[in-house]
Amino acid sequence: MPRNIEIKARIERIDLLHPKATAIADCGPVEIAQDDTFFCCDAGRLKLRTLSPCSGELIFYRRADRQGPKESFYHLTPTSEPDRLRETLSLACGQIGRVRKMRTLFLVGRTRIHLDRVEGLGHFLELEVVLEEGEPLEAGMREAHDIMARLGVEHSQLIEGAYLDLQLRQRA
């Protein structure tokens, strides 16, 4: 199963990080509207990401919910009917939440920099360092820490869990 090293951090404003990301990026920025629906799943997290009415991905992933760089295992399945798939999965598994965001994507080598504007939550940075098969975690963690430093993101800004967790805590 593919894996990456991931971190999430709360940031004050996207426009403060945008020029820094642009300066170190090989590609980007690319603007992507995402609508993620999460479903009940005991083995990890299962979400349907809708990118357009005829494009989406079913994403299963497992990772620790802790601050700082963490290993994430994931599996992606594309779909051309995200609305029908959402309905089917909602009936079969139960829906636990929905997260809508506007993502600005940059690529720095094998690392994806996401500057996210999350509806109802605010602004965030997410880094995903894609690991090679059998590659040690430490290599990806060093890369994540290096990019964090280059972007001026402090350890105190790191958050644990998914955007869904933040939404659920906010509602409680």
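The values are calculated or read from the model by the stated rules, or taken from the named source; none is laboratory data. Predicted model, so just to flag it, every value in this text is computed and none were measured. Positions of Cβ are backbone-derived with ideal geometry, glycine not excepted, and every protein chain shown enters the neighbour counts. All accessible areas refer to the heavy atoms of the entire protein, side chains included, with ligands and DNA or RNA removed. Shrake-Rupley method; radii C 1.70, N 1.55, O 1.52, S 1.80 Å.
The stretch between PHE73 and MET1, if pulled fully straight at 0.36 nm per residue, gains 25.3 nm over its current Cα-Cα span.
Measure nothing fancy, just the Cα-based angle from helix 137-151's long axis to the longest principal axis of the chain, in degrees from 0 to 90, nearest 10. Taking Cα atoms only, the helix is inclined about 70 degrees. When a 1.4 Å probe is rolled over the protein heavy atoms, the share of accessible surface on the chain that falls to carbon and sulfur comes to 54 percent.
Near VAL108: Cβ cut-off under 15 Å, other residues only, Lys/Arg at +1 and Asp/Glu at -1. The net charge is -1.
Once the chain from LEU16 to SER156 is taken as fully extended at 0.36 nm per residue, the excess over their C-alpha distance is 48.7 nm. A 1.4 Å probe run over the chain, with the rest of the protein chains in place, finds 50 Å² accessible per residue. The C-alpha atoms of the chain define a longest principal axis, and helix 82-93 lies at about 70 degrees to it. The listed residues MET141, MET1 rank as MET1, MET141 when sorted by accessible area, largest first, using a 1.4 Å probe. For the stretch 1-109, applying the loop criterion from DSSP together with a ceiling of 13 other beta carbons within 10 Å to the trypsin sites (Lys or Arg not before Pro) yields ARG13, ARG66.
Based on DSSP H segments of at least four residues, each scored -39500 (n - 2.57), the chain has a per-residue ellipticity at 222 nm of -8500 deg cm²/dmol.
For GLU81 and GLN170, a Förster radius of 35 Å and the Cβ-Cβ distance give a FRET efficiency of 0.70, rounded to the nearest 0.05. Of the residues LEU76, LEU127, LEU91, the one that moves most in a GNM of the chain with alpha-carbon contacts below 10 Å is LEU91.
Extension gain, VAL30 to LEU51: 0.36 nm times the residue separation minus the Cα-Cα distance gives 6.2 nm.
Within the chain, all pairs of alpha-carbon atoms sorted by distance into 5 Å bins from zero give the percentages 1, 8, 16, 21, 22, 17, 9, 4, 1, 0.
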